[in-house]
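Some notes on the structure that comes next.
The values are calculated or read from the model by the stated rules, or taken from the named source; none is laboratory data. Every value quoted in this text rests on a predicted model; they were computed, and no experiment measured them. Note: ideal-geometry Cβ built from the backbone for every residue, glycine included; neighbour counts use all protein chains shown.
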Amino acid sequence: MKSIMLANIHQPSTHIWEVFDLAIFLAKSGRVAYMNNMGDTLEKVLEYFSSASDREATAQCNPTNFVSDVISQLVYYPGRNAIF
């Protein structure tokens, strides 16, 4: 039997992030910035947010801070599906 868990976690540690299979990140005004798999080692979400910004996620970066920083800079363009 599969279970669904909904949680709001403010700036979790990398270890906690690695426990999740799927994630939804919201930007300003509740717009979805990311809704997909996290990836085995967070690579999928970090690649996505690296492509949304002019910065590259390094091995030394804190994933929580990196994603939060990128999301805070995203801009919504009316009439487009993407927010960056």
Problem set entry | Close pairs from the range 1-28: first over 19 Å from Y48 (Cα atoms), partner at pLDDT below 80 and surrounded by 11 or more Cβ atoms within 10 Å (Cβ to Cβ), Cβ under 8 Å, at least 6 apart | I16/I9
Problem set entry | Residue count for the range 32-59, restricted to those that are on the phi > 0 side of the Ramachandran plot and touching a residue at least 24 places away in the same chain (Cβ under 8 Å) | 1
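Pick from the range 1-22 the residues that are farther than 13 Å from S68 by Cβ and of a type in the set (A, V, I, L, M): which of them is surrounded by the fewest Cβ atoms within 10 Å (Cβ to Cβ)? Please lay out each step first, then the result.
From the range 1-22, those farther than 13 Å from S68 by Cβ are 1-8, 13-16, 18-22; that's our starting set.
Then drop every residue that is not of a type in the set (A, V, I, L, M), which leaves 1, 4-7, 16, 19, 22.
Details: M1: 2, I4: 5, M5: 5, L6: 5, A7: 7, I16: 12, V19: 8, L22: 9.
Ranking the qualifying residues of the range 1-22, first place goes to M1.
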Problem set entry | Matching residues in the range 39-79 - criterion: being under 8 Å from the mean Cα position of the chain (by Cα) and within 23 Å of K2 (Cβ to Cβ) | V45
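Condition check ((1) within 20 Å of H15 (Cβ to Cβ); (2) modelled with pLDDT of 85 or more; (3) surrounded by fewer than 17 Cβ atoms within 10 Å (Cβ to Cβ)) across all residues:
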| position | (1), (2), (3) |
| --- | --- |
| R31 | no, no, yes |
| N36 | no, yes, yes |
| D40 | yes, no, yes |
| L46 | yes, yes, no |
| F49 | yes, yes, no |
| T58 | yes, yes, yes |
| N65 | yes, yes, yes |
| V70 | no, yes, no |
